[in-house]
Amino acid sequence: MRSHAWLAVASLALFATRPAEAAPRKIPAPDPARGAIGITLEYDVKILHNHLAALEVYFVPVREDADRLAGESFVPTNFNVPNQRQSFLLNAPPGRYVVVAALMPSPNGRSLPFKAFLSAEMIPLSEVTVTAGGLAFAGEYLVTTSGRFEDADAAQAHYFPLIAPRAAQQATPFGQRLTGEAPYRASLATERRDAVRERVFWNAARTLVFKNHPDWLEVIGRRLKELASPPAAAGN
């Protein structure tokens, strides 16, 4: 397994090549004809006994069943709050989506990030359906990562040039690292996607992320009421 140790050794050399920090993105107002997805995706930093949250998550629209593992387009999350372990795709068109990859911070927090590509076994687990005016919880995931991308499965190999085109054009692993898109394989460690976890997620979003955005608070409040209501009995 290729170690993340290169990040610590090369951090000073790479620092000068880091892109400028992106300006904070304005949160768009909710579009009643669209919906939103929330997700927590982290990777296990074993050497630090810590978990780090994704900087950006990549969804693929599922129009045909084959799109899960071989889609030809993707949509990045458009609002990310790594310090709260939350990423959002706001105002997503209604339909089905799966998660296929994520931009992850370096373990030391100073070097270039890398892109983690989910395994073919994990991708279908993340499928979520967006409805107009609704919220969808894609789940809370912890993955383990490996830099041995030569062992990538078919889905990982497919999504690499689509989502990390600059790295895919590089002939060497070092060249890939310099792009900030070095490919890593991601395998599922834990998954939580039950109603209890979803309530925790949206409550945290309401109090910590969207507290100054009353329009989104209204949407989140509706979803929390739905989660609090017992399902109707069959035949009612």
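Of note:
- Restricting attention to the stretch 84-118 and to residues that are among the hydroxyl-bearing types (S, T, Y) and more than 21 Å from V128 (Cβ to Cβ), the residue that is surrounded by the fewest Cβ atoms within 10 Å (Cβ to Cβ) turns out to be S106.
- Here T172 does not qualify as touching a residue at least 24 places away in the same chain (Cβ under 8 Å), of a type in the set (V, I, T) and surrounded by fewer than 17 Cβ atoms within 10 Å (Cβ to Cβ).
- Single match in R185, R193, R197, R222 (criterion: of a type in the set (K, R), closer than 24 Å to P105 by Cβ, surrounded by fewer than 16 Cβ atoms within 10 Å (Cβ to Cβ) and out of contact with any Leu (no Cβ under 7 Å at 6 or more places or on another chain)): R197
- Residue match in the stretch 187-198 (condition: free of Cβ contacts under 8 Å to residues at least 24 places away in the same chain, within 30 Å of P30 (Cα to Cα) and β-branched (V, I, T)): yes
- Selection of the stretch 140-155 for residues being closer than 19 Å to D44 by Cα, out of contact with any helix residue (DSSP H, G or I) (no Cβ under 6 Å at 6 or more places or on another chain) and either polar (S, T, N, Q) or touching a residue at least 60 places away in the same chain (Cβ under 8 Å) (or both) yields Y141, L142, V143, T144, T145, S146, G147, R148.
- Some residue of the stretch 85-101 being part of a strand (DSSP E or B) and free of Cβ contacts under 8 Å to residues at least 24 places away in the same chain: no
- Flag if T129 is within 20 Å of G35 (Cα to Cα), polar (S, T, N, Q) and not in a helix (DSSP H, G or I): yes
- Every residue from the stretch 70-84 that is of a type outside the set (F, W, Y) and not in a strand (DSSP E or B): A70, G71, E72, S73, T77, N78, P82, N83, Q84
- Candidates L162, L208, filtered to the one that is touching a helix residue (DSSP H, G or I) at 6+ places or on another chain (Cβ under 8 Å) and of a type in the set (A, V, I, L, M, F, W, C): L208
- Considering the stretch 13-44, and only residues there that are among the aliphatic types (A, V, I, L, M) and modelled with pLDDT of 50 or more, the residue that is nearest to F79 (Cα to Cα) turns out to be I27.
- Residue within the stretch 45-60 that is assigned to a strand (DSSP E or B) and touching a Ser or Thr at 6+ places or on another chain (Cβ under 6 Å) present: yes
- Evaluation of A101 against (1) closer than 27 Å to N203 by Cβ; (2) at pLDDT 95 or above; (3) within 14 Å of the chain's Cα centre (by Cα) (one fails), failing number: (1)
The values are calculated or read from the model by the stated rules, or taken from the named source; none is laboratory data. In this text, all values refer to a predicted model and were calculated from it rather than measured experimentally. With ideal geometry, Cβ positions are generated from the backbone for all residues, glycine too; neighbour counts draw on all protein chains shown.
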